[in-house]
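K.L.:
Below you will find the structure I want to go over with you.
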Amino acid sequence: MAGLFDHFNPMKIDALSLYHLRMPLVAPFETSFGRITHRECLLVILRSEGLEGYGECVADRDPGYSYETSGTAWHILRDFIAPLILGQDVQDAADFQRRVQGIRGHPLAKAGVEMAIWDLIGKRQGRSLRELLGGVRSRVEVGVSVGIQESPQALLRTVEGYLAQGYQRIKIKIKPGRDVEETTLLRRHFPDLRLQVDANSAYTLESAQALRPLDDLNLLLIEQPLYEDDIWEHHKLQAQFRTPICLDESILSARHARFALEIGACRVINIKAARLGGLQEAVAVHDLCQQMGVPVWCGGMLETGVGRASNLALASLPNFRLPGDISASDRYYRRDITHERFQLNPDSTITVPDSPGLGVTLDWEAVRDFSLAEWHSEA
Ligand code: OSB
Ligand code: MG
């Protein structure tokens, strides 16, 4: 039961369950690295002292965005992370991160468990994740990340649809040959729209010269044009552009964030707790950027209701100063795995959950229907 001193009591991990889910998207999602009609992820459930904590590991089927896949994450979670925490008294996120420090890389796998630990802590203490993280807003500004469409005309129609729903910020995915023409078309139709683009590493410093015309389109930012280990060349590109460059894939820790900002590789950072190995490191990047006067925003990985609740809590921190890629549930899934569905408010915000922990409950029938495999282990 929740009580004032619960955080002094042990939090022994009694059991861990994994569900490998495959969920149909309402519409295909295409980026420079591929097109998906279904999204895979792993649902992580921790049991401790009669409570359940939920976490989402956002690794997808293919290693397109990250080298991690649902398959590698399953392996790392089952064979390496589970043995380090089962039966152990895991105090908090910092304690969890110390225990898994010997596992190199695999941030998406680690972040899935860390999320479940935060959910457990919140439920034990009767506090929402937003409270635990130090969030200052009860609603957060959001936009839509629009995948590459059949044609520029199809893109225009899709964007019109989202604007009609009330979204006030649009991000479009670009790749070589599908960039300047569509972005210019959108800007012509919507002169005042808050608009940004995301290349998911599809360019080199040379091929990115084709993006020069974007610099006259008053974009909020250009996200991750170059390869993920090209922090140095992002600095050269940023020097050629007035538009802020924003890094996503390149920032895997608060150290990377500091390197990138110190050399001027970007002026904005996209924070995804998953890519950073968990919410703890995400807050560290947030705090660093705040100290350095650099705005951040919350990225998305087409999360289910579980990960979406986590993103909303994170985005309620004060230095999240640009709208997040945290759209309403119905932009992604007709059927979700949580009973809670997140809806867009008329002012292009989504309300942050305020029940203990993540503040979501599982629709077990949906979990079972979407499960490709499950694994259970007890202490
Ligand atoms: O680069 O931001 C990205 C989805 C999957 C992988 C990478 C990215 C994305 C998105 C979708 O842009 C954001 C969302 O969840 O709406
Ligand atoms: Mg991105």
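K.L.:
Please report how many Lys pairs in the chain have alpha carbons closer than 25 angstrom, counting only residues at least 8 apart along the chain or sitting on separate chains.
P.N.:
Total qualifying Lys-Lys pairs in the chain comes to 12.
K.L.:
Using only Cα atoms, tell me the angle between helix 152-165 and the longest principal axis of the chain; keep it within 0 to 90° and round to the nearest 10.
P.N.:
Relative to the chain, helix 152-165 is tipped by roughly 50 degrees.
K.L.:
Taking 0.36 nm per intervening residue step and subtracting the Cα-Cα distance, what contour gain separates residue 160 from residue 136 on full extension?
P.N.:
Numbers: separation 24, 0.36 × 24 = 8.64 nm, distance 3.18 nm.
Stretched out fully, the residue 160 to residue 136 stretch lengthens by 5.5 nm.
K.L.:
Counting only residues 5 or more places away or on other chains, whose amide H sits under 5 Å from the amide H of residue 69 once H atoms are built in the peptide plane?
P.N.:
Residues meeting the criterion, in which the H sits 1.01 Å from N, do not exist here.
K.L.:
For labels at residue 287 and residue 321 in the simple 7 Å Cα→Cβ model, what's the distance in nm?
P.N.:
1.9
K.L.:
A follow-up question, please. For segment 131-351, take the alpha-carbon Rg, divide it by the Kirkwood Rh, and send me Rg/Rh. Walk me through the numbers before you get to the answer.
P.N.:
Numbers: Rg = 16.7 Å, Rh = 17.6 Å.
Checking Rg against Rh, the ratio lands at 0.95.
K.L.:
Roughly what would the spin-label model give for residue 355 and residue 15, points 7 Å off Cα along C-beta, in nm?
P.N.:
2.1
K.L.:
Taking amide H positions as placed 1.01 Å from N in the peptide plane, with prolines and chain starts having none, which residues 5 or more places from residue 348, or on another chain, fall under 5 Å of its amide H?
P.N.:
For residue 348, no residues qualify.
K.L.:
On a 0 to 90 degree scale, rounded to 10, what angle separates helix 279-292 from the longest Cα axis of the chain?
P.N.:
50
K.L.:
Got a sec to turn the phi values of segment 256-265 into Karplus ³J(HN,Hα) couplings, 6.51 cos²θ - 1.76 cosθ + 1.60 with θ = phi - 60°, whole Hz, x for Gly and Pro?
P.N.:
With the stated coefficients, segment 256-265 comes to 4, 4, 5, 4, 4, 6, 5, 9, x, 7 Hz.
K.L.:
Just to be sure I understand: of the beta bridges DSSP finds with both ends in segment 131-351, what percent are antiparallel, rounded to 5?
P.N.:
Antiparallel bridges: around 15 percent, rounded to the nearest 5.
K.L.:
If you keep only loop residues by DSSP, which trypsin sites (Lys or Arg not before Pro) in segment 99-132 have at most 15 other Cβ atoms within 10 Å of their Cβ?
P.N.:
Working: sites: 99, 104, 110, 123, 124, 127, 130; in loops: 104, 127.
Passing sites in segment 99-132 are 104.
K.L.:
How charged is the neighbourhood of residue 207? Take every other residue with its Cβ under 15 Å from the Cβ of residue 207, and add Lys/Arg as +1 and Asp/Glu as -1.
P.N.:
My count for the surroundings of residue 207 gives 0.
K.L.:
Let me ask you something else. Would you work out if the chain is rounded, prolate or oblate? Take a ≥ b ≥ c from the square roots of the eigenvalues of the alpha-carbon gyration tensor; rounded if a/c is under 1.5, else prolate when a/b is larger than b/c, oblate otherwise.
P.N.:
Numbers: a/c = 1.72, a/b = 1.56, b/c = 1.11.
Prolate.
K.L.:
Determine ³J(HN,Hα), in whole Hz, for all residues of segment 81-93 in sequence, where each value follows from phi through the Karplus function 6.51 cos²θ - 1.76 cosθ + 1.60 and θ = phi - 60°; x replaces Gly and Pro.
P.N.:
So the J values, rounded to whole Hz, are 7, 3, x, 7, 10, 4, x, 8, 8, 9, 5, 6, 4.
K.L.:
Multiply the residue gap between residue 185 and residue 212 by 0.36 nm, knock off their C-alpha separation, and tell me the result in nm, one decimal place. Can you show the working numbers first?
P.N.:
On the way: separation 27, 0.36 × 27 = 9.72 nm, distance 1.55 nm.
Result for the pair: 8.2 nm of gain on full extension.
K.L.:
Here's a follow-up. Given a Förster radius of 30 Å and the C-beta distance between residue 239 and residue 104 as r, what FRET efficiency does 1/(1 + (r/R0)^6) yield to the nearest 0.05?
P.N.:
Given R0 = 30 Å and the Cβ-Cβ separation, E is 0.35.
K.L.:
Next question. Pop out the ³J(HN,Hα) list for segment 28-36 in order, Karplus 6.51 cos²θ - 1.76 cosθ + 1.60 with θ = phi - 60°, rounded to Hz; leave Gly and Pro as x.
P.N.:
Using θ = phi - 60°, the values come out as x, 10, 10, 10, 5, 9, x, 10, 10 Hz.
K.L.:
With r as the distance between the Cβ atoms of residue 205 and residue 27 and R0 = 30 Å, compute the FRET efficiency 1/(1 + (r/R0)^6) and round to 0.05.
P.N.:
My answer for the efficiency is 0.35.
K.L.:
Compute the acute angle (0 to 90°) between the alpha-carbon long axis of helix 180-189 and the principal axis of greatest extent of the alpha-carbon atoms of the chain; round to the nearest 10°.
P.N.:
Taking Cα atoms only, the helix is inclined about 90 degrees.
We did not get these values from a lab; they are worked out from the coordinates using the rules stated. Computed from a predicted model, the values in this text were never measured in an experiment. Ideal geometry is used to build each Cβ from the backbone, glycine not excepted, and the neighbour counts take in all protein chains shown.
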